[in-house]
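Here, each number is a calculation from the coordinates, and none is a lab measurement. Everything numeric here is computed off the predicted structure, so don't read it as measured data. When we count neighbours, we look across all protein chains shown, and the Cβ atoms used for this are built from the backbone with ideal geometry, even at glycine.
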Amino acid sequence: MTVEDGDLAARAWERVQAQDRAWLTALARRAGGDARVALVGGAVRDALIGETPLDLDVVVEGAQAGTLAAGTGLPHLVHPAFGNATVTLPDGRRADLVRARRESYPVPGENPVPEPGTLGDDLRRRDFGLNALALLVDPAGSVTLLDEVGGLGDLEARTLRPLHPRSFHEDASRLVRGARLAGRLGLTPHPELLRQVPGALDMAGQPPRLHAELRLLLEEPRPGRAARVLEEWGAGALLPPGVPERLEALDARQDAGQWVPPQAYGAALLGAAPDPAALAARLGLGEKPGALLARALGDAPAGPGTPEGVLRALLRPSSRWRACCPCT
């Protein structure tokens, strides 16, 4: 539905960077009068809570996303399977242009089957209520706030609510995405979310989206918070035992103003796994976390402020563990 609160829409729009507002307005002009262009999802959520959105997700109805991307004159990549495109903005950020669509999951855990749809359909297919808000941009640069599913109420209550009764069963990665948001924004789980946790765990063996979300968890500002949320929601089995405590210890160092290199979180996760090399491969962590873990478990001197020293103080490894570690 359209939210009859122009001030709220205007405040959110003002928090979008000026160059992004200009780019979105130009996109709406290029799409034509019969089309609709809307900024959606996390960007709108963040703008409404007072943050400056940096990631731009745009839904297009009544125009071809690939054609619009080409018309920007910027580097872009078209994804034919979904009719979407990714544009590289002048400052190096990427903006996703998504064709408005509906989705169905004939086989839970596998990729959804897309069908053309309306902007409203596209918002209703999303994961959580507070991620289903949109700012509809007109060619003159004014905006209208759209709330199809009660996302504003969720945002005001700081509640994370899945939009569909089988949401986590169809895509278990949504559970980890929810934990990332809850840890970052201080959100509480709706009872429907907790009801769906067992369904997500039943499908947890389905790669690769779940693995991708676990990798993104390590890139959160405070990964330990997200890991603890998963455990509190009854989904601690998605991580090796002891991981929340290890990541929270690294969070505490950051909170105290100490530098913690990003790969230290990955190394701390791998250090709790029975087979670190296999877990690194599944999550696509690359070589750096495993190499850092191996150095921390080694005998070479490591200063207390170095990445190796930080991990060594955290892990307190035994020589026996080092001997069996396959990360080298």
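Points worth noting:
- Alpha-carbon gyration tensor eigenvalues x 5, square-rooted, for the range 158-239, Å: 17, 15, 10
- Size of electric dipole in the chain: Cβ of Lys, Arg +1 and of Asp, Glu -1, about Cα centre, debye, nearest 20: 920 debye
- Whole-angstrom gap from the range 75-95 to the range 267-308, using each part's C-alpha centre: 34 Å
- When each of the peptides 298-308, 170-180, 203-213 is scored by how many other beta carbons lie within 10 Å of its residues on average, the order from highest to lowest is 170-180, 203-213, 298-308.
- Taken over the Cα atoms of the chain, the convex hull encloses 144 Å³ per residue.
- Cα gyration tensor, the range 188-328 - rounded (a/c under 1.5), prolate or oblate: prolate
- Contact order for the chain, expressed relative to its length and based on alpha carbon pairs under 8 Å spaced 6+ residues apart, stands at 12 percent.
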